[in-house]
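Take a look at the structure set out below.
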Amino acid sequence: MTIGDQIAGLARGPADVLEFLRRAGLDPDAVDLSDPVLIEWRGGGTGEWGLEAGG
């Protein structure tokens, strides 16, 4: 996952995405993971996590 031009880490599920956004200064309770203005999904979306993610 990248935030701006900085690599935040590997997100293995929605909780990881929210944690990275929290670390970047956003309120995870106010974040809509399906908001295309805030988040650009590549190769999937909010409901698509590979087997390596436990899904």
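The values are calculated or read from the model by the stated rules, or taken from the named source; none is laboratory data. Treat the numbers as computed from the prediction; the structure is a model and nothing was measured. Neighbour counts are summed over all protein chains in view; Cβ atoms, including those assigned to glycine, are modelled from backbone coordinates with ideal geometry.
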May I ask you to verify whether L26 is among the hydrophobic types (A, V, I, L, M, F, W, C), out of contact with any Ser or Thr (no Cβ under 8 Å at 6 or more places or on another chain), at pLDDT 90 or above and in a loop (DSSP other than H, G, I, E, B)?
yes
Selection count, segment 9-23, where residues are in a helix (DSSP H, G or I) and either without any contact (Cβ under 8 Å) to a residue 12 or more places away in the chain or under 8 Å from the mean Cα position of the chain (by Cα) (or both)
9
